[in-house]
Structure formats: C-alpha cells, structure tokens
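Peer 1: Submitted below is the structure of interest, expressed as structure tokens.
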Ligand code: ACO
C-alpha cells in the first residue's frame, strides 16, 4: 500500500480507493470497493487492468524494457542459457553450479513421454496443424499425471513443472515427425536442451543429425526470447484456467490454444506468409499502402504490440541473431532483404510512427527458424515450447499464494426479462 488514495465520486457518493505501488512501474488503484457500492468497472481487453500481483517479469513498454526477475532480456539472451532462464523464472534467483546441475539432470530425466502418447498423434490427420496437435497432446498429459498430482503440494508442482519443460521439445518434435511421416526420434541424455530438440527434429533411424552449434545457440536464444512476457493473453489464460484448480497440464494446453491466434503467437508464421505474399522489394510500397488503407483488413504482421510503444527489446536481439545465423550458414535469404526494406519504410511512415508501431519479437524470428530448417507451420509450436516456463512460473506463483477463481463481470446490453413464447405462438 502506498498510503495514497484515489477518490471516485459517483453522484453524491465519495469512494476512497487505495493505491498500491509496485517495486517499479505504474501504481494501481484497488477498485474492489466499487462492487460494494453496486458498480462494476469496465475495461474490455484489460487495457488498464492489473489482474494480479506478480514478481516474475516486468515490462516498460514506453522504454522498451523487459526484465525477468530483474535481469534484462538482452543480458539473459546473450549470456545465459534457456535452461538457466527456466530455473530463474521458476525459482526467482539464478542457480549456483550445483543447483543448475541438479535442475538440468531432472530435466534430462523427464524428457521421454509415455509410449502410449504416440497413439494420440496417430489419431490426427498427418496434415493437421501442429498447434492443434500440441493442444491435444499436452492436454492429454493431464490424463497421465492427474491422479498423482496434488496441486497444493509444492513438490508435486515442482515435478509437474520439470515434466512440462522436459517433455515439450519431445512433443513438439513428434508433431513434426508425424506430419512428415517419419518415425519419432527419442531424446538423448548427453545433449543440451536445444541440441536435443534439433536432433529429435532432424535425425532419422537411417542418419543421425550432427547438431551445428551455431544453430543450437540460435535455437536456445529463440527459446529464451520467448520464455515469458508477464500477463499476455496466453499467460492470463493459463492463470484463469489455473484459478479453478484445474490440472496444470490442462492449463498449459489452454495457454497453447490462446497462443495459436495470429494476433499473438501465430504472428511468426503470419510474418513469413506475408513476406512470401509480398514476394519482392518492388512490392513493399504497394503492400504498405494496403496496410494503411482502413477499408483493407491487411495488417503488417510482426509489427505492433499491446504493451511496447517503443522498440520490442526482443526484436533487437532477434534481428542480431538473424544476421549471425544467416552469415554463419552462408545463406542469402531474399526474405531478410524484404523484411529489412519493409521495416525501413514502416519506421519512417507517419501511419506507423504516430501509432507507435514497431517490429515485435515475431518480425525476425521466422527468418531464423526457416534458416534452421523448421517448417512454417511449426513456428508457433516453437513459441509455445519457449513460453512454457513462463506459463508454469505464473501458474506456480498463483497457486502458491492466496487467489480467487477468475470471474470477470460484464456490461449487459441484451434483452431484459421477458416471457417464453410457445413455438406455435411465434
Ligand atoms: N499493422 C497495421 N496497423 C496496425 C497494426 C499492424 N500490425 N497494429 C496495430 N495497428 C493499428 C490499428 O489498426 C489501430 O489503428 P487505428 O487507431 O487507426 O484504429 C492502431 O494501430 C492501434 O492498434 P490496436 O489494434 O488498438 O492495438 P492493440 O494493442 O489492440 O493490438 C496487436 C496489438 C494485436 C499486437 C496488433 O498490433 C497486431 O495485430 N499486430 C500484428 C500481429 C502481430 O504481430 N502480433 C504479435 C504480437 S507480439 C506477440 O504476441 C508475441
């Protein structure tokens, strides 16, 4: 509590509303008292609503700052590893050597999935979108661990977190293998997290896959850049599902479903489809004209963000990683040239400048994923894999503190009470 108060006057009623200060960021006004006075607050899309208290991630959208447990994303992306960031998000502190070894070894211990799980894949069409398969398969994990899971028991929650982080690469790679009709590849304990994922994606029983360390590092960095982003749509979905005390694997499946949309995690796939549609730098200007035309629903995918009204700090690291990967592989991708031209024009154009639209994390990630050999329809699966520790950290934080079932209210504008009319009388 900050000691400050906001005063709300409704007719002749004066309502004092307490103001709370966080460690950094805007103060929040506690509006609970308005309910006692017979009112709801109205904020569609939660534009101005802090739905919870959290210690995990801080974003300053105007300054382009993203901190996980206080550490800037630029430092984590360039100096840490994804596994270490997972530990940090879940536990609040960077691990010492022994803690890190213990965490990594627990993850390695849980990378395999129950053999029975492969039959869930076989129930899908081979051309099913991998995000549909991910939702189904991750949700199905709840059937394997429901009875042995007491969400009130911190040790049970810890094991669920490890299971999810460990199994997501296996499940994601199995989505790919199933879609191309190749046998599933089992995880290998001697490989690091990202190398293991790449090998499960690209090895076959006929030929092993030698992991290129540049690609493994880029993959790891992409996972770090997606690891958490405070109360975004999918994380809020996980919290909301979790607030009913639902099984955590089912809650993560709900988060995956929310992530899939092109306004959220589906944007990385949409960016490459957009670049392919534009086709050449000669068409960039006409495409930008279409984006600006309000009678046309075309959007510049990979641009804009609900919170960042300045550069997305993840996009900066992503762009740098993109340059590194393409030059290490000697790839000259015309898509990169196209993306850069698009960015250059948009950053100068008053339409984008006045609306504070900048490239977001998805603008360059697709070009790197393409260079690594990840197929387009798997891009959002990569995002889901990377975001898993964030989802679990938020679920954990909620469950281990006092919470209430999430239950928004509404401004009802439908019919008032009326009497049922029998079919014969309509
Ligand atoms: N292209 C063109 N115009 C845009 C774009 C865009 N990418 N983004 C926003 N605008 C315009 C809107 O049309 C609106 O214009 P108006 O004021 O004339 O009506 C104005 O900018 C404000 O945009 P809102 O839609 O109100 O912003 P909001 O915060 O609700 O949306 C969102 C944010 C959904 C990310 C939006 O910018 C968008 O759709 N971007 C493209 C999809 C994308 O890249 N999503 C990934 C987001 S990052 C992530 O989830 C990992």
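The values are calculated or read from the model by the stated rules, or taken from the named source; none is laboratory data. Quantities reported herein were computed from a predicted structural model and do not represent experimental measurements. Please note: Cβ atoms are built from the backbone with ideal geometry, for glycine as well, and neighbour counts cover all protein chains shown.
Peer 1: Which condition number in (1) in a loop (DSSP other than H, G, I, E, B); (2) under 29 Å from residue 236 (Cα atoms); (3) within 12 Å of the ligand (Cβ to nearest atom) is the one that residue 296 fails?
Peer 2: (2)
Peer 1: If you don't mind, there's one more thing I want to ask. For region 1-52, enumerate the residues that are closer than 26 Å to residue 308 by Cβ and assigned to a helix (DSSP H, G or I).
Peer 2: Matches in region 1-52: 44, 45, 46.
Peer 1: Can you name the residue in region 199-216 that is part of a loop (DSSP other than H, G, I, E, B) and touching a helix residue (DSSP H, G or I) at 6+ places or on another chain (Cβ under 6 Å) and, of all such residues, is farthest from the ligand (Cβ to nearest atom)? Write out each step before concluding.
Peer 2: Residues of region 199-216 part of a loop (DSSP other than H, G, I, E, B): 203-212.
Next, from what is left, pick out any that are touching a helix residue (DSSP H, G or I) at 6+ places or on another chain (Cβ under 6 Å): 209, 211.
Numbers: 209: 29, 211: 27 Å.
Going through the qualifying residues, I end up with 209.
Peer 1: To continue, here is another question. Do you know which residues across region 53-69 are in a loop (DSSP other than H, G, I, E, B) and either without any contact (Cβ under 8 Å) to a residue 24 or more places away in the chain or under 19 Å from residue 5 (Cα atoms) (or both)?
Peer 2: Matches in region 53-69: 53 only.
Peer 1: Related question: Evaluate the following for residue 326: is it farther than 24 Å from residue 260 by Cβ and more than 12 Å from the ligand (Cβ to nearest atom)?
Peer 2: The answer is yes for residue 326.
Peer 1: Please work out which residue is nearest to residue 306 (Cα to Cα), limiting yourself to region 66-79 and to residues that are touching a strand residue (DSSP E or B) at 6+ places or on another chain (Cβ under 8 Å) and surrounded by fewer than 19 Cβ atoms within 10 Å (Cβ to Cβ).
Peer 2: Only one residue tops the list, namely 67.
Peer 1: Among the residues of region 222-273, write down those that are at pLDDT below 95 and assigned to a helix (DSSP H, G or I).
Peer 2: 267, 268, 269, 270, 271, 272, 273
Peer 1: Looking only at residues that are touching a residue at least 40 places away in the same chain (Cβ under 8 Å) and surrounded by 15 or more Cβ atoms within 10 Å (Cβ to Cβ) in region 325-339, which one is farthest from residue 65 (Cα to Cα)?
Peer 2: Of everything passing the filter in region 325-339, 329 is farthest from residue 65 (Cα to Cα).
Peer 1: Kindly indicate whether residue 219 is in a helix (DSSP H, G or I), more than 16 Å from the ligand (Cβ to nearest atom) and without any contact (Cβ under 8 Å) to a residue 40 or more places away in the chain.
Peer 2: no
Peer 1: Are any residues in region 122-156 in contact with a helix residue (DSSP H, G or I) (Cβ under 6 Å, 6 or more places away or on another chain), part of a helix (DSSP H, G or I) and farther than 19 Å from residue 379 by Cβ, and if so, which ones?
Peer 2: Those that are in contact with a helix residue (DSSP H, G or I) (Cβ under 6 Å, 6 or more places away or on another chain), part of a helix (DSSP H, G or I) and farther than 19 Å from residue 379 by Cβ: 139, 140, 141, 142.
Peer 1: Going by the conditions given, is residue 370 over 17 Å from the mean Cα position of the chain (by Cα), at positive phi and surrounded by 13 or more Cβ atoms within 10 Å (Cβ to Cβ)? I'd like the intermediate steps shown before the answer.
Peer 2: Details: over 17 Å from the mean Cα position of the chain (by Cα): yes; at positive phi: no; surrounded by 13 or more Cβ atoms within 10 Å (Cβ to Cβ): yes.
The answer is no for residue 370.
Peer 1: Here is a follow-up. Please tell me if residue 307 is under 26 Å from residue 350 (Cβ atoms), near the ligand (Cβ under 10 Å from one of its atoms) and assigned to a helix (DSSP H, G or I).
Peer 2: Spelling it out, it is not the case that residue 307 is under 26 Å from residue 350 (Cβ atoms), near the ligand (Cβ under 10 Å from one of its atoms) and assigned to a helix (DSSP H, G or I).
Peer 1: While we're on this one: Return the residues of region 239-290 that are away from the ligand (no atom under 16 Å from the Cβ) and in contact with a helix residue (DSSP H, G or I) (Cβ under 6 Å, 6 or more places away or on another chain); say none if nothing qualifies.
Peer 2: Once the filter is applied, which keeps residues that are away from the ligand (no atom under 16 Å from the Cβ) and in contact with a helix residue (DSSP H, G or I) (Cβ under 6 Å, 6 or more places away or on another chain), region 239-290 yields 239, 241, 242, 247, 248, 249, 250, 251, 252, 253, 254, 281.
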